[in-house]
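The structure appears below as structure tokens.
The values are calculated or read from the model by the stated rules, or taken from the named source; none is laboratory data. The shown structure was predicted, so the numbers you read here are calculated from the model rather than taken from an experiment. Ideal geometry is used to build each Cβ from the backbone, glycine not excepted, and the neighbour counts take in all protein chains shown. SASA here: full protein model, heavy atoms, side chains in, ligands and nucleic acids out. Shrake-Rupley method; radii C 1.70, N 1.55, O 1.52, S 1.80 Å.
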Amino acid sequence: MGRCSCALLWIVVISLAFFFPPAESWGKEGHSAVCKIAQSRLNKAAADAVQKLLPDYAEGDLASVCSWADEVKYLAKYRWSSPLHFIDTPDLKCNYEYSRDCHNTQGEEGMCLAGAINNYTAQLATYGKSSDATYNLTEALLFLSHFVGDIHQPLHCGFSGDLGGNTIILHWYGQKSNLHHVWDTLLIETALKDFYDSDLALFTQGLQTNITDSWSNDVSTWEKSSTKGLACPNPYGMESVGLACNWAYKDAPADSVLKDDYFLSRLPVIEEQLAKGGVRLAATLNRIF
Ligand code: ZN
Ligand code: ZN
């Protein structure tokens, strides 16, 4: 191929990459809400450890670095981490099993979202012990805080055949998109625009009010680690794939147009998942430190 057409090809490739960015996890808004909620619920020891481990540029705010793991996964240095953002479950099974599903495409065990949560939890548990020079605990904190958010996005535990809804192309109101992106970003963005004056702080505050108010009876169940371990990602994954089947995939086939019916019935699901993510991230960090 001649130099000219090669350059042209690159322009096409780069423009396509710009218009169809690869799907990420919860958008920045979702991750920020999870980490804001979590940081407000830390006990003294955990709050101190988080302050010590946060990079200086975060200025003490965990939420500001909660999407770091998404930002670096396209860099050569961190490309190995991209399978850690999701769990692929078998098509239409609506269940998840660690031993069956937690691996990357090369079949390496533990290379999935649940494995990553266990791994970074174990690393952080070395904080303050003599062995802590072995790991980069700042990165471990940023990864863990991001991944606990991701595992609460139902389509991050979706079907392998449609890449967690990424290949289900449909319309969100008048906008062409895919089902995965609807759950990462568009549901939250629409809620912000319609009900919160595009103010993320107000939205997050609303979730926090519900945590102390309408969900207060559920919070201690959310916080508990059913496995007696410091982290318990497997039940979260089970819960997510169930929600993926009952809410995300339901009534959202390819080429459909999702509108008010879908938006208004799914928004409570997303809000509860974000709240759970925040409560459970805090509970995990409190157990670790
Ligand atoms: Zn995503
Ligand atoms: Zn992610």
> Largest first, what is the accessible-area ranking of 75, 155, 92 with a 1.4 Å probe?
Replying inline: 92, 75, 155
>> Need one number for the stretch 21-288: average projected area of the convex hull over its C-alpha atoms, nm².
In response: 14.0
> Name the residues of the stretch 233-261 whose amide N is less than 16 Å from a point 7 angstrom out from the Cα of residue 92 along the C-beta direction?
Replying inline: 245-246, 249-254
> With a ≥ b ≥ c the root eigenvalues of the C-alpha gyration tensor of the stretch 198-289, is it rounded (a/c under 1.5), prolate (a/b larger than b/c) or oblate?
Replying inline: oblate
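Using Cα pairs closer than 8 Å and at least 6 residues apart in sequence, work out the relative contact order for the stretch 21-288, in percent. Write down the numbers at each step before the final one.
Numbers: 398 pairs, mean separation 79.7, N = 268.
Over the stretch 21-288, the number comes to 30 percent.
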> If you roll a 1.4 Å probe over the heavy atoms of the protein chains, what accessible area per residue do you get for the chain, in Å²?
Replying inline: 48
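Could you size up the charge dipole of the stretch 77-217 around its Cα centre, putting +1 on the beta carbon of Lys and Arg and -1 on that of Asp and Glu, and report it in debye to the nearest 20? Could the numbers behind the result be given before it?
On the way: 7 positive and 16 negative charges, 48 e Å.
Dipole about the Cα centre, nearest 20: 220 debye.
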> What percentage of the solvent-accessible surface of the chain, computed with a 1.4 Å probe over protein heavy atoms, is contributed by carbon and sulfur atoms?
Replying inline: 56
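If packing is taken as the mean number of other Cβ atoms within 10 Å per residue, what is the order of 44-51, 250-257, 115-122, highest first? Could the numbers behind the result be given before it?
Details: 44-51: 16.1, 250-257: 12.4, 115-122: 22.4.
Descending packing order for the listed peptides: 115-122, 44-51, 250-257.
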>> Heavy atoms only, 1.4 Å probe, whole protein assembly: order 263, 195 by accessible area, highest first.
In response: 195, 263
